[in-house]
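Values in this text are rule-based calculations from the coordinates and carry no lab data. As the structure is a computational prediction, the values presented were derived from the model and not from experiment. When we count neighbours, we look across all protein chains shown, and the Cβ atoms used for this are built from the backbone with ideal geometry, even at glycine.
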Amino acid sequence: MNKRRLLSLTLAALACTCLAAQAQTNDWPKRQPIRLISVFPPGGSVDQVARILGAQLQQQLGQTVIVENRVGASGSIGTHAMLTAPADGYTYAVVFDTHGVNPSLIPNLPYDSKKDIAPVILVGTSPMVIATPVASEYKTFADVAAAAKAKKNVSFGTVGSGSLGHLAMALLTRNAGLEMTHVPYKGGGPLMQDAVAGHVPLSVATVFVTKPHIDSKRLRPLAVTTLKRSTELPDVPTLAESGYQGFDASAWWGVLASAKTPPEIVKRMNEELNRALKVPEIAQRLSGQGINVIGGTPEAARTFIDGQIDVWAQVVKDNNIKAE
């Protein structure tokens, strides 16, 4: 076969491949149901976000949207399941802030969190709440700080070692010169159970997890971890207001795709998700979970998520934090 003939066949093959890829992009999402992999169990905030968005997307797209829970290893098992599925725009992962921490804490993570993943959208952020049992001696976070400085063995519980709550408190205590002991739990349920019972003096968890126990007058909120107050807890001061200027640690939720997904499909999915987030009922339901809806472009989501990976990697290194 001469070189000219070989070149012609190669170009023809490339053209066919391009046409096939274009056809796949053009008929999205008609070919098959869309999967949203919730990387945490049913009942939690990630699962709720996935189901709220999934129902709205199904209505918008006229295509079945299936929410599938693939849990474990701080969300990395579900993210890996998304990455091992065909990168055809029909499988996405709905993740929590642990996605930004996992690269620093999980040895031999089976994917590169920056190179292998295409962020689709940042759904929203939420403060974490530092709370204490109502019978506690702590009336404000200043009381906590005073006890910690006096080395009174102040302890705080979070949803687990290496969780964002753990890292946020490590950052706070290091910068403020406070001595506190971390008590890790295996999720928000066990943490809240012990917090309400008074077995742990401080809890650090999202508004979603903590607010029901504040509303029932069993926990007293002392501070939130974001620069701005929570709309769900408008009377609770921020740590910045409590004397820790500039402190900001947000929980967040996002939707991810494989980096191999056609960019046109990522863009279209982003547009559909932004449209969903602007539906008043959807925005209200997410707000009811304590989530400040963000939305925006895939590029904005990447900038935010990559920034989270970098910030918390430094905290992990500085504090020699290990996963459970």
Kirkwood Rh and Cα Rg combined as Rg/Rh, the range 198-260: 1.08
Rg(Cα)/(2.2 N^0.38 Å) for the range 127-224, N = residue count: 0.95
Rough spin-label spacing in nm, given labels placed 7 Å along Cα→Cβ, for Asp194 and Ile77: 2.2
Choice from Ala150, Ala276, Ala195 with maximal GNM fluctuation in the chain (Cα, 10 Å cutoff): Ala150
Cα-centred dipole magnitude for the range 127-224, charges only on beta-carbon of K, R (+1) and D, E (-1), debye, nearest 20: 80
Cα-based shape type of the range 92-135, given that a ≥ b ≥ c are square roots of the gyration tensor eigenvalues and the cut on a/c is 1.5: oblate
Test item: Cα-centred dipole of the chain, Lys/Arg +1 and Asp/Glu -1 on Cβ, debye: 580
Fully extended contour minus Cα-Cα distance, from Leu109 to Arg174, at 0.36 nm per residue: 20.7 nm
Per-selection metrics, the range 269-324 (Cα): Rg and Dmax in Å: 15.7, 44
Which of Gly62, Asn26, Ala197, positive extreme of dipole for the chain (C-beta unit charges): Asn26
Using distinct alpha-carbon pairs, which all enter the 1/r mean, Kirkwood radius of the range 24-166 in Å: 17.7
Rounded to 5, the percent of DSSP beta bridges in the range 127-224 classed as antiparallel: 55
Potential lengthening between Glu241 and Ala300 on full extension [0.36 nm per residue; Cα-Cα distance subtracted]: 18.5 nm
Entry for P(r) over Cα pairs in 20 Å bins from 0, in percent (calculated from the structure that is shown) out of (i) 26, 42, 22, 10, 1; (ii) 31, 51, 14, 3, 0; (iii) 30, 55, 15, 0: (ii)
Signed unit charges on C-beta, dipole axis of the chain, positive-most listed residue Pro110, Pro86, Asn274: Pro86
Sorted by Cβ density within 10 Å, fewest first, the residues Val154, Val196, Val279: Val279, Val196, Val154
Inter-probe distance in nm under a simple model that places probes 7 Å from Cα toward Cβ, at Glu264 and Lys149: 6.2
